[in-house]
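The values are calculated or read from the model by the stated rules, or taken from the named source; none is laboratory data. In this text the structure is predicted, and so the values were computed from the model without any measurement. For neighbour counting, all protein chains shown are included, and Cβ atoms are generated from backbone atoms with ideal geometry for every residue, glycine included.
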């Protein structure tokens with residue numbers, strides 16, 4: 001069995017400070033095998049925000065996969081935005097924008113979808129697709145997971161939002177490798193869906209799991225949240241935890257279970 005804690009959209013620079021200590025206390029109690037942060041560690045890509053995010057990550061004594069989001073690209077400095085977009089992210093968070101974690105039971109591949117030209121939207125390119133395919137196709141029967149900031153499908157309530165650019169090309173390649181799950185954030189909306197809804201690839205349906213914002217004040221109508229994902233013997237369990245300010249902790253909002261079938265992952 002493997003357990004992942006999936007955080008997203010931390011937005012240091014605009015966080016609710018009451019959340020941090022309870023969240024940092026929950027993580028070691030949950031004993032995750034991996035902590036995933038799917039982008040937007042900062043609000044305005046300022047050095048002090050990255051330093052605060054770095055201190056938060058340093059307080060988590062578990063393996064991590066972290067990818068940048070569009071808010072981690074400077075907004076108001078055109079020179080920095082276009083010529084050294086993720087310099088501070090690389091300096092304070094991780095120089096590797098395409099991190100990979102693997103063990104005997106799972107492989108988790110991160111991809112940077114933040115771009116200078118797309119403003120708030122994101123893209124994935126052919127080189128990234130080739131790299132993910134190479135990693136996943138040789139992973140054997142491990143559970144195969146991709147982490148991006150911008151999602152491969154829209155969570156309910158995302159309105160006129162856009163999926164990550166070049167997503168269809170990527171999904172065709174990832175489906176051939178048997179990708180099981182895609183983790184993302186961006187919209188601050190917690191949701192679980194299936195790739196078969198949008199992409200309709202014969203014999204394949206991976207889970208698309210979005211997290212709400214885990215620590216910021218920009219909830220967009222939803223409470224702060226994160227996902228606890230457990231994988232064991234062809235079953236995936238996704239527990240959604242939401243911030244309860246009255247109790248001062250993250251309580252369970254919902255639990256979803258999915259099983260592996262010949263057509264892909266299906267809700268149990």
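Conditions (1) within 16 Å of residue 148 (Cα to Cα); (2) touching a strand residue (DSSP E or B) at 6+ places or on another chain (Cβ under 6 Å); (3) modelled with pLDDT of 95 or more, marked per residue:
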position	(1), (2), (3)
8	yes, yes, yes
12	no, yes, yes
47	no, no, yes
67	yes, yes, yes
74	no, no, no
97	yes, no, yes
109	yes, yes, yes
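Based on this model, can you work out whether residue 221 counts as more than 19 Å from the chain's Cα centre (by Cα), within 26 Å of residue 32 (Cα to Cα) and surrounded by fewer than 22 Cβ atoms within 10 Å (Cβ to Cβ)? It would help to see each step written out before you state the result.
Values: more than 19 Å from the chain's Cα centre (by Cα): yes; within 26 Å of residue 32 (Cα to Cα): no; surrounded by fewer than 22 Cβ atoms within 10 Å (Cβ to Cβ): yes.
Taking the combined requirement at face value, the residue does not satisfy it.
Just give me the residues in the range 14-68 being in a strand (DSSP E or B) and more than 23 Å from residue 247 (Cβ to Cβ), in sequence order. Even if it seems obvious, please write down each step before you answer.
Pass one, the range 14-68, residues in a strand (DSSP E or B): 15, 34-38, 42, 64-67.
Within the range 14-68, 34, 36, 37, 38, 42, 64, 65, 66, 67 qualify.
Kindly list, by first and then second residue, each pair from a residue in the range 248-268 that is on the phi > 0 side of the Ramachandran plot and in a strand (DSSP E or B) to a residue that is surrounded by 11 or more Cβ atoms within 10 Å (Cβ to Cβ) and modelled with pLDDT of 95 or more, limited to pairs with Cβ atoms under 6 Å and residues at least 6 apart or on different chains.
The qualifying pairs are 264/204; 264/205.
Kindly evaluate residue 203 against the criterion of being touching a helix residue (DSSP H, G or I) at 6+ places or on another chain (Cβ under 9 Å), surrounded by fewer than 18 Cβ atoms within 10 Å (Cβ to Cβ), at pLDDT below 95 and not in a strand (DSSP E or B).
Working: touching a helix residue (DSSP H, G or I) at 6+ places or on another chain (Cβ under 9 Å): yes; surrounded by fewer than 18 Cβ atoms within 10 Å (Cβ to Cβ): yes; at pLDDT below 95: yes; not in a strand (DSSP E or B): yes.
Yes; evaluated as a whole, the condition is true for this residue.
Which pairs have Cβ atoms under 7 Å, sit 6 or more apart or on different chains, and link a residue in the range 160-180 that is at positive phi and in contact (Cβ under 8 Å) with a residue 40 or more places away in the chain to one that is surrounded by 15 or more Cβ atoms within 10 Å (Cβ to Cβ) and in a loop (DSSP other than H, G, I, E, B)?
Going by the 7 Å Cβ cut-off, the qualifying pairs are 166/124; 166/125.
This table checks each residue for (1) more than 30 Å from residue 233 (Cα to Cα); (2) in contact with a strand residue (DSSP E or B) (Cβ under 7 Å, 6 or more places away or on another chain); (3) modelled with pLDDT under 95; (4) surrounded by fewer than 16 Cβ atoms within 10 Å (Cβ to Cβ).
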{"residue": "84", "(1), (2), (3), (4)": "yes, no, yes, yes"}
{"residue": "113", "(1), (2), (3), (4)": "yes, yes, no, no"}
{"residue": "135", "(1), (2), (3), (4)": "no, yes, no, no"}
{"residue": "157", "(1), (2), (3), (4)": "yes, no, yes, yes"}
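Checking the structure you have, find out if any residue of the range 136-146 is closer than 20 Å to residue 257 by Cβ, in a loop (DSSP other than H, G, I, E, B) and touching a helix residue (DSSP H, G or I) at 6+ places or on another chain (Cβ under 7 Å).
No, the conditions are met nowhere in the range 136-146.
So which of 188, 150 is touching a helix residue (DSSP H, G or I) at 6+ places or on another chain (Cβ under 9 Å), in a loop (DSSP other than H, G, I, E, B) and under 25 Å from residue 32 (Cβ atoms)? Before you say what the answer is, go through the steps one by one.
On the way: 188 fails: touching a helix residue (DSSP H, G or I) at 6+ places or on another chain (Cβ under 9 Å).
Matching residue, one of 188, 150: 150.
Residues in the range 118-130: is at least one within 23 Å of residue 12 (Cβ to Cβ), in a strand (DSSP E or B) and in contact with a helix residue (DSSP H, G or I) (Cβ under 9 Å, 6 or more places away or on another chain)? Steps first, answer last, please.
In the first step, residues of the range 118-130 are kept if they are within 23 Å of residue 12 (Cβ to Cβ); the result is 118-122.
Now drop any that are not in a strand (DSSP E or B), which leaves 122.
After this cut, where a residue has to be in contact with a helix residue (DSSP H, G or I) (Cβ under 9 Å, 6 or more places away or on another chain) as well, the list is 122.
Within the range 118-130, one or more residues are within 23 Å of residue 12 (Cβ to Cβ), in a strand (DSSP E or B) and in contact with a helix residue (DSSP H, G or I) (Cβ under 9 Å, 6 or more places away or on another chain).
State which residue is surrounded by the most Cβ atoms within 10 Å (Cβ to Cβ) when the search covers only the range 115-133 and only residues that are closer than 22 Å to residue 188 by Cα and under 18 Å from the mean Cα position of the chain (by Cα).
Result: 122.
Would you tally the residues in the range 139-152 being without any contact (Cβ under 8 Å) to a residue 60 or more places away in the chain and crowded, with 21+ Cβ neighbours inside 10 Å? Lay out the reasoning, then the answer.
Of the range 139-152, the ones without any contact (Cβ under 8 Å) to a residue 60 or more places away in the chain are 139-142, 144, 146, 151-152.
Those left that are additionally crowded, with 21+ Cβ neighbours inside 10 Å: 144, 146, 151-152.
Residues that pass the stated criteria total 4.
Please tell me if residue 263 is at pLDDT below 95 and in contact with a helix residue (DSSP H, G or I) (Cβ under 9 Å, 6 or more places away or on another chain).
Values: at pLDDT below 95: yes; in contact with a helix residue (DSSP H, G or I) (Cβ under 9 Å, 6 or more places away or on another chain): yes.
Yes: the conditions hold for residue 263.
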